[in-house]
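Data block below; observations after.
The values are calculated or read from the model by the stated rules, or taken from the named source; none is laboratory data. Keep in mind it's a predicted model, so treat the numbers as computed, not measured. Here Cβ is always computed from backbone atoms with ideal geometry, including for glycine, and neighbour counts include all displayed protein chains.
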Amino acid sequence: MEKVLIKDRQSFKYSLVKRVKASKFLILMIIPAIVYYVLFCYVPMYGVFLSFADYSISKGVLGSIFENWVGFDNFIFIFNYPKFTEAFLNTLLIGSLKVVVSFLGAVLVALLINEIRMRFFKKAVQIIVTFPHFLSWVVVASLFLMLLDKTGIINKVIVAAGGQDLTLFSDGKQFIGLLLSTDVWKEAGWGSIIYIATMAGISSDLYEAADIDGATRLQKIWHITLPGIRPTAILLLIMSVGGVLSAGFDQIFNMTSQLHNSLVIDSVEIIDTLIYSNTIASKSLDEGITTAIGLFKSVVGFVLVIVTDRIAKLCGERGII
């Protein structure tokens with residue numbers, strides 16, 4: 001028995017060395033990526049302990065952790081912060097709506113592009129719908145303010161034609177709708193790329209068989225295309241759930257920075273903008289508190305990803321874990 005085990009171990013070591021030698025160039029190629037993630041993603045993780053410390057510049061990170069340990073005081077301060085509960089609920093609402101709307105928008109754009117038969121026109125449309133992704137939210141916010149604000153071009157045309165001006169930037173609920181629509185306009189084309197690539201991998205034999213059976217385009221989309229991209233869609237949806245509490249600081253900050261309507265600002269005030277505005281107002285930055293906020297968001301995002309993954313598995317999907 002022992003001889004058999006020794007022989008198995010030797011054969012395993014030999015096969016392992018053989019596989020390493022056969023893949024040595026691939027291993028060399030991946031080493032820079034491993035070094036990058038170790039240095040910039042794993043080593044800095046010790047800074048998470050600042051969430052439980054009172055940071056002091058003179059003592060540095062490690063000195064603050066070992067000498068100014070305050071336990072959960074930073075978290076208690078956050079949860080008792082003025083308007084934190086309202087900001088947290090706004091963040092959860094806007095983040096959840098963005099995940100759903102952006103997911104559906106990307107899938108819909110991918111389906112529409114995939115149905116275009118002219119190759120040149122298909123490439124042109126894909127470039128056009130992807131281009132907004134490369135615009136900063138500063139540019140996008142300025143553009144939509146110029147077009148849709150009370151004194152914007154579109155409102156002036158509507159009023160001149162005898163209509164009633166739009167209230168997108170003065171009504172909280174309508175402004176949330178504007179946030180969702182601009183997010184889809186900017187990111188749906190970019191998000192559709194991976195779905196289009198997945199659709200390209202679906203066997204053409206399935207579509208040819210459907211054509212022989214007399215299936216319409218909608219029937220082919222429903223019975224072939226959507227089931228073909230379902231695993232990829234579920235995977236991306238689960239991963240996007242982890243960013244629910246991010247809710248888009250850049251977008252909300254830039255689209256509200258020029259507004260002075262408290263109703264709109266209160267309706268879309270998220271955790272990041274609340275802390276940022278109060279930090280600027282007080283001209284102070286507490287690294288311990290901001291790190292605690294980041295840790296809180298990460299933990300909530302991790303829990304949501306685990307829960308979503310479990311739900312996906314209960315529904316018969318593969319999940320990510």
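Here are some residues: 61, 109, 99. Which one is free of Cβ contacts under 8 Å to residues at least 40 places away in the same chain and surrounded by 14 or more Cβ atoms within 10 Å (Cβ to Cβ)?
So the residue among 61, 109, 99 that is free of Cβ contacts under 8 Å to residues at least 40 places away in the same chain and surrounded by 14 or more Cβ atoms within 10 Å (Cβ to Cβ) is 61.
Look through the stretch 232-249, keep the residues that are hydrophobic (A, V, I, L, M, F, W, C) and not in a helix (DSSP H, G or I), and return whichever of them is surrounded by the most Cβ atoms within 10 Å (Cβ to Cβ).
Of everything passing the filter in the stretch 232-249, 247 is surrounded by the most Cβ atoms within 10 Å (Cβ to Cβ).
Can you tell which of 252, 265, 306, 229 is at pLDDT 90 or above, more than 30 Å from residue 71 (Cα to Cα) and either part of a helix (DSSP H, G or I) or of a type outside the set (A, V, I, L, M) (or both)?
Exactly one of 252, 265, 306, 229 is at pLDDT 90 or above, more than 30 Å from residue 71 (Cα to Cα) and either part of a helix (DSSP H, G or I) or of a type outside the set (A, V, I, L, M) (or both), namely 229.
Hey, among 157, 184, 138, which residue is without any contact (Cβ under 8 Å) to a residue 40 or more places away in the chain and either assigned to a helix (DSSP H, G or I) or more than 26 Å from residue 111 (Cα to Cα) (or both)?
157
Could you give me the residue pairs with C-beta distances under 6 Å whose first residue belongs to the stretch 207-225 and is closer than 11 Å to residue 114 by Cβ, whose second residue is of a type in the set (Asp, Glu) wherever it lies, and which are 6+ apart or on separate chains?
none
I need a count of the residues in the stretch 55-73 that are modelled with pLDDT under 85, part of a loop (DSSP other than H, G, I, E, B) and closer than 21 Å to residue 299 by Cβ.
So the answer is 3.
Which residues, counting only those in the stretch 114-132, are in contact (Cβ under 8 Å) with a residue 40 or more places away in the chain and touching a Lys or Arg at 6+ places or on another chain (Cβ under 6 Å)?
132
Looking at the stretch 178-196, can you tell me whether even one residue there is in the same structural domain as residue 253 (by TED's automatic domain parsing) and surrounded by fewer than 14 Cβ atoms within 10 Å (Cβ to Cβ)?
No; the residues of the stretch 178-196 include none that is in the same structural domain as residue 253 (by TED's automatic domain parsing) and surrounded by fewer than 14 Cβ atoms within 10 Å (Cβ to Cβ).
Do we have residue 243 as modelled with pLDDT of 85 or more and either more than 18 Å from residue 83 (Cβ to Cβ) or out of contact with any helix residue (DSSP H, G or I) (no Cβ under 6 Å at 6 or more places or on another chain) (or both) here?
In short, yes.
Are any of the residues in the stretch 164-174 under 19 Å from the mean Cα position of the chain (by Cα) and either touching a residue at least 12 places away in the same chain (Cβ under 8 Å) or closer than 26 Å to residue 103 by Cα (or both)?
Checking the stretch 164-174: not a single residue is under 19 Å from the mean Cα position of the chain (by Cα) and either touching a residue at least 12 places away in the same chain (Cβ under 8 Å) or closer than 26 Å to residue 103 by Cα (or both).
For the stretch 115-133, give me each residue that is in a loop (DSSP other than H, G, I, E, B), more than 16 Å from residue 195 (Cα to Cα) and of a type in the set (A, V, I, L, M, F, W, C).
Selection gives 118 alone.
Quick one: what pairs do we get from the stretch 30-42, first residue closer than 18 Å to residue 20 by Cβ and surrounded by 10 or more Cβ atoms within 10 Å (Cβ to Cβ), second modelled with pLDDT of 90 or more and not aliphatic (A, V, I, L, M), C-beta under 6 Å, 6+ apart or different chains?
none
What is the residue count in the stretch 113-134 for residues that are surrounded by 13 or more Cβ atoms within 10 Å (Cβ to Cβ) and not charged (D, E, K, R)?
9
Just the residues that are among the small types (Gly, Ala, Ser), more than 13 Å from residue 255 (Cα to Cα) and touching a helix residue (DSSP H, G or I) at 6+ places or on another chain (Cβ under 8 Å), please, taken from the stretch 157-196.
The answer is 188, 189, 191, 192.
Please tell me if residue 90 is under 21 Å from the mean Cα position of the chain (by Cα), crowded, with 16+ Cβ neighbours inside 10 Å and not in a loop (DSSP other than H, G, I, E, B).
yes
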